[in-house]
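Data block below; observations after.
Each reported figure results from applying straightforward, stated rules to the coordinates on display, with no laboratory input. Please read these numbers as outputs of a predicted model, since none were measured by experiment. Please note: Cβ atoms are built from the backbone with ideal geometry, for glycine as well, and neighbour counts cover all protein chains shown.
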Amino acid sequence: MRQKTRAVSVHLTGTELRLLQKLAFSARRSGGRKLAASVILRALIRMMQRLDVDLAGVKSAEDLKRRLLTARIKK
């Protein structure tokens, strides 16, 4: 069953947006379908739900990125 979705405004840099667009088109180039940016972002959020991330003391996007890169998958 498909869950109801809600619209969210996200502010991205030009570099971040180009990466998202590149990812969206790369699936199609390799024989799949073009993925919507929202599909990619939802998949990333679902992936983060499986991580055991300690967010205590995080003060910046760089701090968060480091924590995510070193996080372990929940057991």
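Each Lys or Arg adds one and each Asp or Glu takes one away; over the other residues whose Cβ falls under 12 Å from the Cβ of V39, this sums to +4.
Relative contact order, whole percent, for the chain stands at 19, derived from Cα pairs under 8 Å and 6 or more residues apart.
Eigenvalues of the alpha-carbon gyration tensor of the chain, scaled by 5 and square-rooted, set the equivalent ellipsoid semi-axes at 25, 17, 14 angstrom, largest first.
Relative to the Cα centre, the charge distribution of the chain, modelled as +1 at Lys and Arg Cβ and -1 at Asp and Glu Cβ, gives a dipole magnitude of about 460 debye. Could you let me know the centre-to-centre spacing of segment 18-40 and segment 42-75, using Cα atoms, in angstrom? Centre-to-centre distance over Cα atoms comes out at 23 Å.
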